[in-house]
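S.K.: My structure is below; once you've seen it, I'll send some questions.
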Amino acid sequence: MKRSPKGRLELTWMGKDSALIPVEDGKYDYAWVDPSDPRALEVKSIEVVEQVGEIDGPTGANENLLIVGDSGDALRSLGTIPEYADKYLGQVKLVYIDPPFNTEETFENYADQLEHSIWLTLMRDRISEMGPLLTPDASIWVHLDDGEVHRMRLLLDEAFGADRFVTTIVWQKKTSRDNRAAFSSSQDYILVYALQGAQVWKHARHRLPDMGRFANPDHDPRGPWRSVPMSAQAGHATQSQFYDITTPTGVVHSPPPNRAWTYTKPRFEELLADDLIYWPRNGDGKPRLKKFPTEDDGLVPMTIWLTDEVGGNPDGKRESSALFGEDSVFDTPKPERLLERVVHIATSPGDLVMDFFGGSGTTAAVAHKMGRRWLTVELSQSNADRFITPRLTAVVRGEEPGGITSTSERVAVEELPDGMTAQEAQKFNSLLTKAAKGMDMLDSATLKALRAATKTCDEKTLLWEGGGGFTVSKMGPSMYEVDDEDGQVFLSPTRRTGLGPRPSLGS
Ligand SMILES: C[S@@+](CC[C@H](N)C(=O)[O-])C[C@H]1O[C@@H](n2cnc3c(N)ncnc32)[C@H](O)[C@@H]1O
């Protein structure tokens, strides 16, 4: 590290002033070249291979795109070739990348052992190429482990400005202990940047639904709800908010002292007809208003994301093996619930989500199921053929039951005591069984009644039934060749498929 003349902190490395080009299509191998080398600026063609599912519509194949090839090449072409630039420039609301962590391992599905200087240049160039594709309120999420996260943070500070850093999320990737290591690593990191800076972006990002406080004791077909008091300060109320209400059991309530009802009588009657009023204390209590998660402000996301909430690496593997079979699992798939949370916080339905280190296609699959448009790039043809295309095809056809396709909710079998959630009932029920074991304090009839009153079960709701489509494309070959004798780069007479060097940068 050195201090630049302006006093800004800057990360330097061997080769920072050079450019990298892929040595051979589909290989994890790069060569250093001068930044003015036409191959470093080349805009390769994007060739359509096939279209799957519906073509038109908000989530059709004209919107969602898988590109097989190097992400640097793909990003440059997307931002430059007019038919793609028209569609994608300034359109990407969320970038989530889970690049090779540089763990010095060779996985079955990809190599993960690059020189730090190559890894940094590779990341720096892709971060810069993606810039023109982003919306002004975009956020960028970069998933890494201890190996490179500190260098990436400096890289992102340099690319976007340190004031665009929002937070580092700590993701609990596993709960088991690795006894071979000095410390058993439990977490990965997700660096979050927002182009507008955290203070402005926080108004655009979504909060998390607070499912813990919701329950569905009356089996409302609209799903779990919670109840809030239905009274307001008397000082701000009109005369029409003071009246008597009779409960279903015949108890008459007037507003609490110094309070009025929140609604006028006609509005209250509408709410009652819509089954939006809850009567606590078995029908004797004051009316309360039912609130569903979509009407709720929700919770500000915290920076530690536990396996229990969003899944861990073993869940990603389980989802992958359910899809592709035990013998064909992707090495490092992320669990769908993790991506669901990222996509939920950072986007709304219809927004464009991009991941240019596609892997097994988790980001695209989750974005698709959540009604977002998506763009993903994967270097390896084999990963695209074995994992991404079949996975997304199954998602489109509604034949992929795993991950976030359905959700399971803990619900009460009978109406719970007032204020008790299904989660609390479940905990109480299991503790009751434990506590009752060595004690004779509770007679069996009471125990049985308590168990029955707090019995809960899982209720599955299908969230995704199929639909939409996507296009599979691949990057065209380079138009350049290198003279074996003098190393000169020249235009290949047989491969004139792309646009040549990017016009705006020139060579
Ligand atoms: C850690 S995996 C991503 C896993 C993914 N998040 C998932 O859940 O399945 C990284 C992926 O990046 C791909 N990759 C590596 N270098 C690349 C490059 N230059 N361009 C595009 N993809 C690349 C690898 O082939 C690998 O599939």
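The values are calculated or read from the model by the stated rules, or taken from the named source; none is laboratory data. Computed from a predicted structure; not experimentally measured. So basically every Cβ, Gly included, is an ideal-geometry build from the backbone, and we count neighbours across all protein chains shown. All accessible areas refer to the heavy atoms of the entire protein, side chains included, with ligands and DNA or RNA removed. Shrake-Rupley method; radii C 1.70, N 1.55, O 1.52, S 1.80 Å.
S.K.: Only one of Thr135, Thr121, Thr80 is away from the ligand (no atom under 11 Å from the Cβ), in contact with a Pro (Cβ under 8 Å, 6 or more places away or on another chain) and in the same structural domain as Leu191 (by TED's automatic domain parsing); which?
M.R.: Working: Thr135 fails: in contact with a Pro (Cβ under 8 Å, 6 or more places away or on another chain); Thr121 fails: in contact with a Pro (Cβ under 8 Å, 6 or more places away or on another chain).
When all the criteria are applied, what remains is Thr80.
S.K.: Still on this structure: For region 388-416, which positions are over 19 Å from the mean Cα position of the chain (by Cα) and assigned to a helix (DSSP H, G or I)? Please lay out each step first, then the result.
M.R.: Within region 388-416, the subset over 19 Å from the mean Cα position of the chain (by Cα) is 389-390, 393-394, 397-399, 409-416.
Residues satisfying the conditions are Thr389, Pro390, Thr393, Ala394, Arg397.
S.K.: Could I ask something else about it? Condition first: assigned to a helix (DSSP H, G or I) and either open to solvent by less than 80 Å² (accessible area, probe 1.4 Å) or touching a residue at least 12 places away in the same chain (Cβ under 8 Å) (or both). Now tell me which residues in region 237-252 satisfy that. Reasoning before the result, please.
M.R.: As a first pass, look at region 237-252 and keep what is assigned to a helix (DSSP H, G or I): 239-241.
Hits for region 237-252 are Ser240, Gln241.
S.K.: Pick from Glu400, Glu326, Glu340: which is modelled with pLDDT under 95, of a type in the set (Asp, Glu), surrounded by 18 or more Cβ atoms within 10 Å (Cβ to Cβ) and more than 11 Å from the ligand (Cβ to nearest atom)?
M.R.: One residue alone meets the criteria, Glu400.
S.K.: Can you work out which of the residues in region 344-362 that are touching a strand residue (DSSP E or B) at 6+ places or on another chain (Cβ under 6 Å) and of a type outside the set (Phe, Trp, Tyr) is most open to solvent (accessible area, probe 1.4 Å)? Lay out the reasoning, then the answer.
M.R.: Of region 344-362, the ones touching a strand residue (DSSP E or B) at 6+ places or on another chain (Cβ under 6 Å) are 346-347, 351-358.
Narrowing the set further to residues that are of a type outside the set (Phe, Trp, Tyr) leaves 346-347, 351-355, 358.
Details: Ala346: 8, Thr347: 2, Asp351: 32, Leu352: 1, Val353: 1, Met354: 1, Asp355: 6, Gly358: 8 Å².
Per the criteria, the residue is Asp351.
S.K.: Sticking with this structure for a sec: Suppose we keep only residues that are open to solvent by less than 10 Å² (accessible area, probe 1.4 Å) and assigned to a helix (DSSP H, G or I) within region 363-379. Which one would you say is nearest to the ligand (Cβ to nearest atom)?
M.R.: Thr363
S.K.: Got at least one residue in region 262-269 being within 40 Å of the chain's Cα centre (by Cα), in contact (Cβ under 8 Å) with a residue 24 or more places away in the chain, assigned to a loop (DSSP other than H, G, I, E, B) and farther than 26 Å from Met420 by Cβ?
M.R.: Checked region 262-269: at least one residue is within 40 Å of the chain's Cα centre (by Cα), in contact (Cβ under 8 Å) with a residue 24 or more places away in the chain, assigned to a loop (DSSP other than H, G, I, E, B) and farther than 26 Å from Met420 by Cβ.
S.K.: Might you check whether a residue that is open to solvent by less than 20 Å² (accessible area, probe 1.4 Å) and either free of Cβ contacts under 8 Å to residues at least 12 places away in the same chain or away from the ligand (no atom under 12 Å from the Cβ) (or both) occurs anywhere in region 329-336?
M.R.: Initial filter on region 329-336 (open to solvent by less than 20 Å² (accessible area, probe 1.4 Å)): 330, 333-336.
Cutting the leftovers down to either free of Cβ contacts under 8 Å to residues at least 12 places away in the same chain or away from the ligand (no atom under 12 Å from the Cβ) (or both) gives us none.
There is no residue in region 329-336 that is open to solvent by less than 20 Å² (accessible area, probe 1.4 Å) and either free of Cβ contacts under 8 Å to residues at least 12 places away in the same chain or away from the ligand (no atom under 12 Å from the Cβ) (or both).
S.K.: Determine, yes or no, whether Ala40 is of a type in the set (A, V, I, L, M), free of Cβ contacts under 8 Å to residues at least 40 places away in the same chain and either surrounded by 19 or more Cβ atoms within 10 Å (Cβ to Cβ) or more than 14 Å from the ligand (Cβ to nearest atom) (or both).
M.R.: Values: of a type in the set (A, V, I, L, M): yes; free of Cβ contacts under 8 Å to residues at least 40 places away in the same chain: yes; either surrounded by 19 or more Cβ atoms within 10 Å (Cβ to Cβ) or more than 14 Å from the ligand (Cβ to nearest atom) (or both): yes.
In short, yes.
S.K.: Would you be able to tell me the number of residues in region 279-293 that are within 24 Å of Asp210 (Cβ to Cβ) and free of Cβ contacts under 8 Å to residues at least 60 places away in the same chain?
M.R.: The total comes to 3.
S.K.: Taking Arg226 and the conditions (1) open to solvent by less than 40 Å² (accessible area, probe 1.4 Å); (2) in a strand (DSSP E or B); (3) closer than 30 Å to Leu463 by Cα, which numbered condition does it fall short on, given that it satisfies the others?
M.R.: (1)
S.K.: To continue, here is another question. Could you tell me which residue of region 480-501 is least open to solvent (accessible area, probe 1.4 Å), considering only residues that are modelled with pLDDT under 85 and closer than 9 Å to Pro38 by Cα?
M.R.: Within region 480-501, the match that is least open to solvent (accessible area, probe 1.4 Å) is Gly500.
S.K.: Just to be sure before I move on: is Leu306 over 30 Å from Ile245 (Cα atoms) and touching a residue at least 12 places away in the same chain (Cβ under 8 Å) in the structure I sent? Steps first, answer last, please.
M.R.: Working: over 30 Å from Ile245 (Cα atoms): yes; touching a residue at least 12 places away in the same chain (Cβ under 8 Å): yes.
Spelling it out, Leu306 is indeed over 30 Å from Ile245 (Cα atoms) and touching a residue at least 12 places away in the same chain (Cβ under 8 Å).
S.K.: Shifting gears a bit: Which condition from (1) hydrophobic (A, V, I, L, M, F, W, C); (2) within 29 Å of the chain's Cα centre (by Cα); (3) farther than 20 Å from Ala367 by Cα is the one that Leu78 breaks?
M.R.: The number of the failed condition is (3).
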